[in-house]
């Protein structure tokens, strides 16, 4: 690649032809601006009174949600620094399941406060050290305000689930959904090496438009959103022996184009006879396994279906790979990749496999499995968009309840922990010396963005709310938080607003690490065709966050 040599201010810059480079404060300012823009894009969705976003992709599909991780995932964000804030939200979702908006907003505010210090001449390295110090102190302070919860405390677990569900369009049914969540999670709890473990992969959430949210139900076993591949197959199979096939039970297309010339009716008949023979052999391999139920990831040829149906086998085709893996786990069956390798020991077992009609659509129920640690939450709602958002809420609730069972520690919500952390951090900052004290103080100020945003989204005066919250906490009421429905500062434990401790620790850790990484960048270099930012000297910043509108 041709290199160009540019002399500037007595220095030498060697870059590929067509590349872009932004240095020093310009690079820091652009990165900070990008991070703040991402945080502001989801800020109005925070809390029970948060607004929803409508996202339309290039295919015209619509997503309506106020889940921070979902919004940022759907948005086509191009700026590299902005993508790092998206990663914060994604990590929060992977680790805890809730608090994704909080993590993104906190990242943006930490960057904004750091910008103030940079403008005053504080070096980014000092800010980074101060932020790390503050995050460590936050974890220590959080330990002093945690409340222990046991897996047997069903009432507390339901309150935690209700807190996660609130604000996601299903408040009117949160009691029903909370019970479904707790029942589902407690049924899959396992003990490993003396500690409780919740594998949320054992909980499948299946949605079906139609009916009311109150029709949602918990099924012990797996529900597959597929029907029998042929109506003459049995609708119900007891004492099922289940074969799980990942390869197609049909002719595979050749890798190269082939042409067959047929010049007489006899040749045509021979071709058809050979085709039927091959399909019969494939079907015989399935039948000889002793299975009476077959789940296939790919297609099943009509001729093969005929022979399988004649053998009285219940067959389902086009099953998702994730569903096959779940079936393998709960039935003990082996995933078959080649029909020639089938042996009877590869089949799994279940007490019952049957087809049921649910709201005009047929689904397959697999119950009485070897592994009883498998359940399906079947959600209903008025429209596809309603059940899709309901699915987000249920997934969040399942994750947070699982986290609490594993950790056994919770904190109250309503921005109570953030206010307590802000006050204690400010006290701690006064004991430090040097410029690091400024960074810790700014970290404490950044935490105030959470109660401020909650108040703004509820249509309240954030200044009045902040004054009242600080007053209550300084008087020793560590559980004081904002009730967004009444506008009052109340004891959030008594108001049943509870969150896992891990939501707060993960949000603070992830936001701090992402902020520090962004602050330490003082040079952006993008090769030709890259998108590190605008060309040096350009006055504006194009974040290119087109969500398809």
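Derivation of every value follows stated rules applied to the coordinates shown; laboratory data play no part. Every value quoted in this text rests on a predicted model; they were computed, and no experiment measured them. Neighbour counts are summed over all protein chains in view; Cβ atoms, including those assigned to glycine, are modelled from backbone coordinates with ideal geometry.
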Highest to lowest packing among 72-82, 399-409, scored as the average C-beta count within 10 Å: 399-409, 72-82
If I take R0 = 35 Å and measure r between the Cβ atoms of residue 139 and residue 361 in this structure, what FRET efficiency does the formula 1/(1 + (r/R0)^6) give, to the nearest 0.05? 0.15
Cα pair count fraction exceeding 30 Å, expressed as % - the chain: 61 percent
On a 0 to 90 degree scale, rounded to 10, what angle separates helix 416-429 from the longest Cα axis of the chain? 40 degrees
Where the centroid of each part is defined by its Cα atoms, how far is segment 168-216 from segment 42-84 in Å? 24 Å
One can check that the equivalent ellipsoid of segment 222-373, built from the alpha-carbon gyration tensor with semi-axes equal to the square roots of five times its eigenvalues, has lengths in Å, largest first, of 31, 16, 14
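Report the antiparallel proportion of the DSSP beta bridges in segment 222-373 as a percent, rounded to a multiple of 5.
65 percent
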For the chain, what does the relative contact order come out to in percent, with C-alpha contacts under 8 Å and a separation of six or more? 28 percent
For peptides 53-65, 131-143, sequence by mean Cβ density within 10 Å, most packed first: 131-143, 53-65
FRET efficiency estimate (nearest 0.05) - Cβ-Cβ, residue 302 to residue 270, R0 30 angstrom: 0.90
Per-pair calculated FRET efficiency, R0 = 30 Å: residue 467 and residue 123 via Cβ, rounded to 0.05: 0.30
If each of residue 354 and residue 199 carries a label point 7 Å out from its Cα toward its Cβ, how far apart are those two points in nm? 2.8 nm
Tail weight of P(r) past 20 Å, computed on alpha-carbon pairs of segment 278-358, percent: 28 percent
Out of the DSSP beta bridges found with both residues in the chain, what percent are antiparallel (nearest 5)? 75 percent
Contact order normalised by residue count of segment 117-255, Cα under 8 Å, 6+ apart, percent: 12 percent
Could you work out the helix-only [θ] at 222 nm for the chain, with each DSSP H run of four or more residues adding -39,500 (n - 2.57) and the total divided by the number of residues, to the nearest 500 deg cm²/dmol? -14500 deg cm²/dmol
Return one number: the angle in degrees, 0 to 90 and rounded to the nearest 10, between the long axis of the Cα atoms of helix 100-119 and the longest principal axis of the Cα atoms of the chain. 30 degrees
Only Cα pairs under 8 Å and at least 6 apart count here; give the relative contact order of segment 222-373 as a rounded whole percent. 39 percent
With Cα atoms, 0 to 90° folded angle of helix 124-143 axis to the chain main axis: 70 degrees
Measure off 7 Å from each Cα along the Cα-to-Cβ vector at residue 322 and residue 176, then give the distance between these two points in nanometres to one decimal. 2.4 nm
The rounded separation in angstrom of the Cα centers of segment 422-446 and segment 345-382 is 55 Å
